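What follows is a short report on a single structure.
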Amino acid sequence: MTLLEKSQAVEALFHDLEVEASRFHQEGGMGCISGCGFCCSNPEVPATALEFLPLAFDLHKKGLAEALAEELSTTSSQWDQRRPRHAPSACLLHPAQGHR
């Protein structure tokens with residue numbers, strides 16, 4: 001399986017998880033607060049490299065991968081995905097980011 005195929009498989013799994021989570025939230029009468037972003041900015045929520053393959057391909061397709069790699073190499077802090085420079089929502093790259 002190529003990296004692109006793995007990325008597509010991860011995206012399909014994320015889609016299925018999102019459907020299940022939405023169903024759970026509806027049946028339980030609860031859900032995420034709009035614009036919260038807590039999961040995106042919480043370093044205690046683990047994520048694997050495999051989960052971030054879709055994000056890597058998305059950034060590459062949009063021409064943002066090199067600029068972000070440079071930015072990450074010149075900063076000592078964690079990348080803040082919540083910066084509004086690319087997207088209006090709390091999580092900058094959701095759903096392409098690793099599922100948290």
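All of the numbers you see were taken from the coordinates with simple rules; none came from a lab. These numbers were taken from a predicted model, which means no experiment stands behind them. As a convention, Cβ positions derive from the backbone with ideal geometry for all residues, glycine included, and neighbour counts pool all protein chains shown.
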Which distance in nm do the two modelled labels at Asn42 and Thr2 give, with both placed 7 Å along the Cα-to-Cβ direction? 3.7 nm
For Glu66 and Glu27, what is the calculated FRET efficiency with R₀ set at 35 Å and r taken between the beta-carbons, to the nearest 0.05? 0.20
Give the average over all directions of the projected area of the C-alpha convex hull of the stretch 3-73, one decimal, in nm². 6.2 nm²
Protection proxy (average C-beta count within 10 Å per residue), highest first, orders 44-54, 63-73 as 44-54, 63-73
Rounding to the nearest 20 debye, state how big the charge dipole of the stretch 3-73 is about its Cα centre with +1 on each Lys and Arg Cβ and -1 on each Asp and Glu Cβ. 100 debye
